[in-house]
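Below is one structure, written out as structure tokens; the observations come after it.
The values are calculated or read from the model by the stated rules, or taken from the named source; none is laboratory data. Owing to the predicted nature of the structure, the values given are computational and were not obtained by experimental measurement. Counting neighbours? That spans all protein chains shown, and the Cβs are built from the backbone with ideal geometry, glycine included.
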Amino acid sequence: MASLPSQHPSLALHLTDRALNPILTSAHSQAQLEALTSLTTTSLTAHAAANRFSLGPAQRIIVEHGPGSPVVLASFLNGADALPHDGEGPAAVNNNYNHTSAASSRPVSSGVAAGAARTADLSAGGASSSARTGAIPDAGKSDDDSEDAAPMLVGVVVAATGEEAMEARRAAGRLER
């Protein structure tokens, strides 16, 4: 997996955890890292929105513009899915999201992400702790069980043009494995 950026030099690749800690990145500068972190933050926001609107947890989000424009693919790799489940109902799905946002779990290394976390905290105002941190409430599992689960990872792949979309999909598939 570490060689993935060199296998796809025309793509921007970024794999992080929910706390926005880079695990794998093709960023060569701080500006690129901040841009990829910003895309990751936006992807996490869209993922949470889909869940709140009862659409279920998103597996992938693809943003395509017109011909010759960039293509962004975000994949959500939920480590808890790899663990055996007691059941397969909505409670099992919701149990995968017991983690908190970067604002409450670890310091954020990127200025862009730190600003987004601060904005989220400020906009929550007097809301409850789980609303302020972006945590999705537990739906039946004890906290001891959720601590054993692997964290959700977010993979972002950016292709400069639509012509590179197939290569971006292949790279995203490799990130997911």
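From the list PRO57, PRO5, which residue is over 18 Å from GLU164 (Cα atoms) and either in contact with a His (Cβ under 7 Å, 6 or more places away or on another chain) or at pLDDT below 95 (or both)?
PRO57
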SER29, sole failed condition from (1) surrounded by 14 or more Cβ atoms within 10 Å (Cβ to Cβ); (2) modelled with pLDDT of 95 or more | (1)
Restricting attention to the stretch 57-76, the residues that are more than 15 Å from LEU11 (Cβ to Cβ) and assigned to a strand (DSSP E or B) number exactly 3
Kindly check whether there is at least one residue in the stretch 8-18 that is in contact (Cβ under 8 Å) with a residue 24 or more places away in the chain, under 22 Å from GLU163 (Cα atoms) and charged (D, E, K, R).
-> no
Note down all Cβ pairs under 6 Å where the first residue falls in the stretch 147-174 and is under 9 Å from VAL71 (Cβ atoms), the second is modelled with pLDDT under 90 and assigned to a loop (DSSP other than H, G, I, E, B), and they're at least six residues apart or on different chains.
-> THR161/GLY68; GLY162/PRO67
Look through the stretch 1-35, keep the residues that are touching a helix residue (DSSP H, G or I) at 6+ places or on another chain (Cβ under 7 Å) and in a helix (DSSP H, G or I), and return whichever of them is farthest from VAL72 (Cα to Cα).
-> LEU4
